[in-house]
1. Could you tell me how many of the residues in the range B:220-242 are β-branched (Val, Ile, Thr) and surrounded by 24 or more Cβ atoms within 10 Å (Cβ to Cβ)?
2. If we scan the range A:202-212, do we find a residue that is more than 19 Å from the chain's Cα centre (by Cα), modelled with pLDDT of 95 or more, closer than 19 Å to A:ARG329 by Cβ and not acidic (Asp, Glu)?
3. When you scan the range B:177-185, do you find a residue that is in contact with a strand residue (DSSP E or B) (Cβ under 6 Å, 6 or more places away or on another chain), in contact (Cβ under 8 Å) with a residue 40 or more places away in the chain, among the polar types (S, T, N, Q) and assigned by TED's automatic domain parsing to the domain that holds B:ILE330, even just one?
4. Filter the range B:226-238 down to the residues that are assigned to a strand (DSSP E or B) and of a type in the set (Ser, Thr, Tyr) and list them by number.
5. Identify all residues within the range B:176-203 that are more than 14 Å from chain A (Cβ to nearest Cβ) and crowded, with 24+ Cβ neighbours inside 10 Å; write none if there are none.
6. When you scan the range A:73-94, how many residues do you find that are touching a Lys or Arg at 6+ places or on another chain (Cβ under 6 Å) and at pLDDT 90 or above?
7. From the list A:SER319, A:SER350, which residue is touching a residue at least 40 places away in the same chain (Cβ under 8 Å), in contact with a strand residue (DSSP E or B) (Cβ under 6 Å, 6 or more places away or on another chain), over 22 Å from A:HIS282 (Cα atoms) and among the polar types (S, T, N, Q)?
8. Please find, among A:PRO87, A:PRO131, A:PRO146, the residue that is in a loop (DSSP other than H, G, I, E, B) and touching a residue at least 12 places away in the same chain (Cβ under 8 Å).
Number of protein chains: 2
Amino acid sequence: MDLGMAAKRYETLADDIAASIARGTLKPGDRLPSVRQARASRNVSAATVFEAYYLLESRGLIQSRPRSGYYVAAPPTKARAAVPTAPSQPDGQAREVKITDLIFDMLQAATRREVVPLGSAFPSPLFFPLPRLGRALAASATHLDPWSTVEHLTPGSLELRRQIAQRYLLDGVRADVDEIVVTNGAMEALNLCLAATCKPGSAVVVESPCFYACLQALERQGLRAIEVATDPRTGVDLEALDTILVRDRPGAVWVMTNFQNPLGGSMPAEKKQALVDLVHRHRVPLIEDDVYHELYFDPQRPASTKAFDRDGWVLHCSSFSKTLAPGYRIGWANAGRFAREVAQQKLGASLATSIPVQLALASYLERGSYDRHLRGLRARLRTQRDVYAAFIGDVFPAGTRVAHPDGGYFLWVELPEGCDALALAQRALAEGISVSPGPIFSPAGAFRNCVRINFGHPLDARVEAALTRVGEMAGG
Amino acid sequence: MDLGMAAKRYETLADDIAASIARGTLKPGDRLPSVRQARASRNVSAATVFEAYYLLESRGLIQSRPRSGYYVAAPPTKARAAVPTAPSQPDGQAREVKITDLIFDMLQAATRREVVPLGSAFPSPLFFPLPRLGRALAASATHLDPWSTVEHLTPGSLELRRQIAQRYLLDGVRADVDEIVVTNGAMEALNLCLAATCKPGSAVVVESPCFYACLQALERQGLRAIEVATDPRTGVDLEALDTILVRDRPGAVWVMTNFQNPLGGSMPAEKKQALVDLVHRHRVPLIEDDVYHELYFDPQRPASTKAFDRDGWVLHCSSFSKTLAPGYRIGWANAGRFAREVAQQKLGASLATSIPVQLALASYLERGSYDRHLRGLRARLRTQRDVYAAFIGDVFPAGTRVAHPDGGYFLWVELPEGCDALALAQRALAEGISVSPGPIFSPAGAFRNCVRINFGHPLDARVEAALTRVGEMAGG
């Protein structure tokens, strides 16, 4: 559905109904008007009513009963789950990474649409303005200047790099378009940044736990990983990092300071500044994977490490894959002093990024509906965070701890000690449910009793049944 | 221009005129009808006449004279240039590769449209059906199934892999769609194949000379290169290769057996078979960069190494970038026994290839106009080969040798001994002309008196002036 186009009317209707529930005008168990009634009384289309009810349902405010209609839901039960608070305590050893074989089949299976995507890395594709993007792509493709197929090779379309630079202004960052290299998604950007800064055999500091794709990138480039102690809410321990920088002289530090995957935590702005100061002092490149930056839930936009980067030691990577255009594969590296090396790596790795797709995104961004789409997406994900956390609190075993992220779409779930998340993930997959087990987020295979749950899909009956089943497996 | 749609009318007109020239009805120096006259007498549009004359001009049959019109050209003078015949004689040492810094600025400068693209890696973007592809992309993008953005992740769209497998049938190859991984162009495919088969420090056998991007890929992956003696017409010396395989036990062999870049030579089918037998015997992966396969000039389609590959040791890479869709960045690896490793590398390197673009190509190929487009493209390039070779024979210094490729769009030009191609390339670029100097095709920096000339752009007055100027520089 195209949130950019149709958002206003159904959101207004949903907000009206939500307000009635909040005021008590509509009480738990009350039946909502039928779609036909609401359509007539509000003078809106059936689709608008349906969308509004669907949104309220995803927020947990109403429930559908088969062949009966929509009813105001009972307020969520108080979650039994607490929030994890203890920082991780990795041993600080540099390790060769061997993760790909473990996770490859699991990840591949999770891309099938019949699998319940609790382990998915993506939010629901229904949440993105794909038809509007499609029209932008149609226009860019049918009016493609043939010479642009040569001129917009690496570092990429100047128009798109300008649009990206404009978004950096929102974070108070004056990005230099000459330091931006357009890539095939953030994943390629991160690989290129690693290759531009490290030699095979180098050590790279990673969070504990860290995103498994970071480990895949290290493995394929023959790099070793050093896990650094990480607070689930505020990110890496800077003292521990300082010790490692002195002791191991790593080739780079890889972090996600906003809505870290999988923990969901974010560094406060002052800590970001201290982190950037630290890597400046040690002259170590800081590679930031910042793909969830735009998915914040608080009114205040989070800071960017790039805002504190005066000497170009931060290689800031992001994409549109999680926020706007899944499957289009457009990302970038804003690579500071390493921009030339990253562009060289890009030429050698894949020459260029698809040019009609770059131009389509530039044109979409220029029209200015990105922010409206993001507002809708953030509100939806924020609601789903609460609904999922409450539901998991209800159906997972006692002693479970669930993170409370302020952005993104992942819940880090600590199951009671003794639970084997790898075995759980295998059993769940056999029943058509994917979950991401903790050990894939650690080169040492730690976090054996943790799972990452994706809350980026509406909590419908299928997802409820899947979560309930995973809770049963975890409990038994 | 859209060859698929508009080809017929102007090609018919051009063929009629060409026949009149061949019969002697029109003689050298005769003036052709003006565009207005031809339009009226043929009942076609001015654009059609223009296109027909343009095509005849690119074939060297007619010439425009400023403010006067088009005239039948004199038959090409006999080229003074001979064809290079001696195989290269590299020293067989394994070398670290350091080429990127040398060529990066040169390659970047050559992408500017105001530079005469004699050194370009691409044929003219005007030769491709970009409007028709654009319509296919418009359709795939506006009707994108949101779930396809997850399901068509690596290894890629099943529809596109099926279309690719069908083209393999033309070469007598039964390709397994499960062994095909869709990539961001052939460049990514080749990188992934290297990473799937070699470890940092491994040696890779390369042709002498070989495509510079092969050397870039080796450099970025920390691989060493061993050059093997290569015949300019028939490819690598299999005895020399056998010796290297025994002595150095390399991680892989990288070849282009069809219209090798830069030499233009092709292995005869029996030699391809012997090559595949050889790597089977030594159990060494053969990585084939086969991006020019479809651009053959003879009536007979060339063989594919993959046709002789019974045990999956051939990793066959190609793309649509040189034949159909420049700038779209769609390629693939048909990776035999290494398919799983290549897919894992793809996931780790860039996760996936742009999904609307994959679907657009699948839909274009399904409609069956690819072969018609290719027939037109081959005829055009074949003509340009002759026109360029004759022109170079006229304006380059005595003693120049020019290859005679049976496909592709590169002429390998050996200048007289003592010419410094690197200096020549720098001087030419300062005057707005790109050429590719021989040393960038060799890890040892050999071929100092050679240049590669792209004949994939119409030989118009601007290109004539550029070739003339390069010939002067080479002579003085």
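The values are calculated or read from the model by the stated rules, or taken from the named source; none is laboratory data. Here the structure is a predicted model, which is why all the values come from computation and not from measurement. Methodologically, a virtual Cβ is constructed for each residue, glycine included, from the backbone with ideal geometry; neighbour enumeration extends over all protein chains shown.
1. Taking the range B:220-242 first, the residues β-branched (Val, Ile, Thr) are B:226, B:228, B:230, B:234, B:236.
Narrowing further to those that are surrounded by 24 or more Cβ atoms within 10 Å (Cβ to Cβ): B:228, B:230, B:236.
Number of matching residues: 3.
2. Checked against the condition, which is being more than 19 Å from the chain's Cα centre (by Cα), modelled with pLDDT of 95 or more, closer than 19 Å to A:ARG329 by Cβ and not acidic (Asp, Glu), the range A:202-212 yields no hits at all.
3. yes
4. B:THR230
5. Passing the criteria: only B:ILE180.
6. Residues that pass the stated criteria total 1.
7. On the way: A:SER350 fails: in contact with a strand residue (DSSP E or B) (Cβ under 6 Å, 6 or more places away or on another chain).
Sole residue among the options that is touching a residue at least 40 places away in the same chain (Cβ under 8 Å), in contact with a strand residue (DSSP E or B) (Cβ under 6 Å, 6 or more places away or on another chain), over 22 Å from A:HIS282 (Cα atoms) and among the polar types (S, T, N, Q): A:SER319.
8. Testing whether each residue is in a loop (DSSP other than H, G, I, E, B) and touching a residue at least 12 places away in the same chain (Cβ under 8 Å) leaves just A:PRO87.
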